[in-house]
Structure formats: structure tokens, C-alpha cells
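Undergrad: Sharing a structure with you now.
The values are calculated or read from the model by the stated rules, or taken from the named source; none is laboratory data. What you see is a predicted model; the values in this text were computed from it and never measured. Here the Cβ is made from the backbone with ideal geometry for all residues, glycine too, and neighbour counts use every protein chain on show. In case anyone asks, the SASA skips ligands and DNA or RNA and just uses the protein heavy atoms, side chains included. Shrake-Rupley method; radii C 1.70, N 1.55, O 1.52, S 1.80 Å.
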Number of protein chains: 2
Amino acid sequence: MQKIRAICSERQVPKDEWLFRRDQPAEHLYLVQEGAVELLMEVNGTIDIPITLIRPGDGCAGIGALIEPYTYSLSARCAQDSVLLAIRRTDILELIERDAGLGRIIMTNLARKLSERLVETRQEVKLHFMNLVKMATV
Amino acid sequence: MQKIRAICSERQVPKDEWLFRRDQPAEHLYLVQEGAVELLMEVNGTIDIPITLIRPGDGCAGIGALIEPYTYSLSARCAQDSVLLAIRRTDILELIERDAGLGRIIMTNLARKLSERLVETRQEVKLHFMNLVKMATV
């Protein structure tokens, strides 16, 4: 944590400000210290569906900064006035490269987080599917 | 790859045989050498929706063996007569623990794979959502 702290910079971001948009190069990873960041999925280029809310202790926004091809797969907006710790992609990747033990820990946590999000998202597909079955049998 | 090979055991599995079911303890990770393994999501305890097909070179089935709480989140069945390399969870976790550099590589690949599956699954949620919007406006 101390090694990661050393490459963080604090940012105060007001409510409703966008941190990043889907498909942009993932230049930063964000830890939420205070407030909340909403991740959203763009549909049809016009509607943004809220996917999840990240509060202090919930993990990171912008994990595309840790995974090739290093682009954001969702958009992110501050849901409240927030205090964030921003980490540059190049800095965190260099740290992971230099310190294999720390790299393993970061990547293990990341995989666990992605796995949780995947289970939640599949749950949603399942609900949609069950609704379709229900509609088809009414 | 050599280090991983050393802890693999080869299994010939006939078409239609189940490798594991969702929520079971994830005791093994499987690499597909020949044939294909289908991952399925159980809906309502009766229907199994196919989620993805894993062919040689496509990655692993049973990645729950690498992530806490070490349970399978999908079910898996051989879609063809297959040759699989099975790795025991305890063996691969011990290898990751002993060799931080290799652990970092395995976890990075796992995170990339999970990220790809997450993007695909969200794409499906988006399609369902667009269908609902279409139905609501007809």
C-alpha cells in the first residue's frame, strides 16, 4: 500500500464531472477516498445505463489501465463531490514490472474483482432471459 | 509453460460428459488440448444456456480454481470427445505462491481473460436492454 501511495496524486472532483469515457485510452486508475464514482454503459450512443457505484473501499474505477489493450470499457462520472487518488498507467505498470510479488497481489485482487463483476453481470443476463421466457409463455 | 506442464495430468473425456457444475468447489482447472468444452449458465435450475465454447488455445475452463472463494461460477460439459490437461487447484496455487514472477504472469492472463468475458457479457445485457426499449416503443 505504501508503494502504491507513493505514485498516487489526490484530485478533488465535483459531482457530475466525467472522469473518462468508454473506448478512450486508459491513462489513469482511480481509487475513491471520499464520495462516489458511477460506472456507466453507453447504449446506442445516447443512453448511459448505470452499472455500478464505487465508494471508498469498493475497489477502483478505470481498471482498463491495468489490462491490455489499455482502454476504458465503461464510462465514469462522479456521483457526488469526490476525493480521488489518481495513478498513472505508466507508473502502476512500472511498479508491477519491477516488483513481482506486489504485481502478483495487484493482479490477483484485480482478477477477483473482475470475477465478481462478471458473476453480477451474468445474473443480469439471466434475469433478462427469464423475463423473455415469461413474456413468451404469457 | 514447462513448470505448468509438470503439474498437469492428461484426461480423455467423451462428448456430453460434465466436467463440473456451478457452485461446486473448484478442484481443477482444465486446458483444452483437443476437442471443445462448453460453459453453460443454469437458469431456474432446469435450463442451461450456453455461454461460451473453449477450443484449444482459447484459455481455460474452471478458472474458479484460481480465484477465491474457489467455486465454479458456470457449469462445463465436453461438446466433443476431448483431450484435456487437468491441473489441481492446490498444485497451481502452490506454484503461484512459490514463484511470484510466474504468479504475476498467470494472474495477468487471467485478468485479461475475465475482462474479455465481462465485455462480451455486458454486450449481451446491452442487446437485451435495446430489445426491451424496442418492444416498449412498438
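Undergrad: Under the convention of a label 7 Å out along Cα→Cβ, give the distances in nm from B:ASP99 to the same position in every other copy, shortest first.
TA: Taking the point 7 Å beyond Cα along Cα→Cβ, the inter-copy spacings are 2.3 nm.
Undergrad: Can you tell me the Rg and Dmax of segment B:3-74, counting just the alpha carbons, in angstroms?
TA: Here Rg and the maximum Cα pair distance are 12.5, 41 Å.
Undergrad: Could I ask something else about it? Could you work out how far helix B:100-137 tilts from the main Cα principal axis of chain B, as a 0 to 90 degree angle to the nearest 10?
TA: Helix B:100-137 sits roughly 10 degrees off the main axis of chain B.
Undergrad: Given H placed on each backbone N at 1.01 Å, which residues far from B:LEU19 in sequence or on other chains put an amide H within less than 5 Å of it?
TA: Excluding prolines and chain starts, which carry no amide H, the hits are B:ALA76, B:ARG77, B:CYS78.
Undergrad: Give me a comma-separated list of calculated 3J(HN,Hα) values for segment A:26-41, in order, Karplus coefficients 6.51, -1.76, 1.60 applied at θ = phi - 60°, integers in Hz, x for any Gly or Pro.
TA: 7, 8, 9, 10, 10, 9, 8, 8, 9, x, 7, 10, 9, 9, 10, 10
Undergrad: Quick one: check the C-alpha center-to-center distance for segment B:1-57 versus segment A:13-56, whole angstrom.
TA: When both Cα centres are located, 35 Å separates them.
Undergrad: For the Cα atoms of chain A, what angle does the longest principal axis make with the long axis of helix A:89-98, in degrees from 0 to 90, nearest 10?
TA: The angle comes out near 70 degrees.
Undergrad: Something else about it: If the label for B:GLY57 sits 7 angstrom from Cα along the Cα-to-Cβ line, what are its distances to the same label in every other copy, in nm to one decimal, shortest first?
TA: With the label placed 7 Å along Cα→Cβ, B:GLY57 yields 4.7 nm.
Undergrad: Ignoring ligands, DNA and RNA and using a 1.4 Å probe, state the total buried accessible area between B and A in Å², rounded to the nearest 100.
TA: For chain B against chain A, roughly 3600 Å² becomes buried.
Undergrad: Based on the Kirkwood radius over alpha-carbon pairs, what is the Stokes-Einstein translational diffusion coefficient of segment B:23-137 at 10 °C with 1.306 mPa s viscosity, in µm²/s?
TA: 101
Undergrad: Placing a label point 7 Å from Cα toward Cβ, how far apart in nm is B:THR71 from its equivalents in the other copies, listed shortest first to one decimal?
TA: 3.6
Undergrad: Summing Lys, Arg as +1 and Asp, Glu as -1, what charge do residues with Cβ under 12 Å from the Cβ of B:VAL37 carry, B:VAL37 excluded?
TA: -2
Undergrad: If you project the alpha carbons of the protein assembly as shown onto their three principal axes, what span does each projection cover, largest first, in Å?
TA: Dimensions of the protein assembly as shown along the principal axes of its Cα atoms: 58, 57, 26 Å.
Undergrad: Given the options B:GLY35, B:GLY101, B:GLY64, state which has the largest fluctuation in a GNM of chain B using a 10 Å cut-off (strictly under) for Cα springs.
TA: B:GLY101
Undergrad: Around A:ALA65, with a cut-off of 12 angstrom between Cβ atoms, what is the net charge of the other residues, counting Lys and Arg +1 and Asp and Glu -1?
TA: Local charge sum for A:ALA65: -1.
Undergrad: Related question: Counting each DSSP H run of 4 or more residues in chain B as -39500 (n - 2.57), what helix-only mean residue ellipticity at 222 nm follows after dividing by all residues, to the nearest 500 deg cm²/dmol?
TA: On the way: 3 runs with 52 residues, N = 138.
Helices in chain B give a 222 nm mean residue ellipticity of -12500 deg cm²/dmol.
Undergrad: While we're here: Heavy-atom accessible area per residue, segment A:4-57, 1.4 Å probe: how many Å²?
TA: Solvent-accessible surface per residue comes out at 56 Å².
Undergrad: Strictly over 32 Å apart at the Cα level, which of B:LYS3/B:LYS126; A:LYS113/B:LYS3; A:LYS3/B:LYS126; B:LYS3/B:LYS113; A:LYS3/A:LYS126 would you flag in this model? Mind showing how you got there, number by number?
TA: Working: B:LYS3/B:LYS126 41 Å; A:LYS113/B:LYS3 27 Å; A:LYS3/B:LYS126 38 Å; B:LYS3/B:LYS113 21 Å; A:LYS3/A:LYS126 41 Å.
Listed pairs above 32 Å: B:LYS3/B:LYS126; A:LYS3/B:LYS126; A:LYS3/A:LYS126.
Undergrad: I would also like to ask the following. For segment B:85-125, what is the convex hull volume of its Cα atoms per residue in Å³?
TA: Spread over its residues, the Cα hull of segment B:85-125 gives 86 Å³ apiece.
Undergrad: Give the carbon-plus-sulfur fraction of the accessible surface of segment B:16-138 in %, rounded to a whole number; probe 1.4 Å, heavy atoms of protein chains only.
TA: 50
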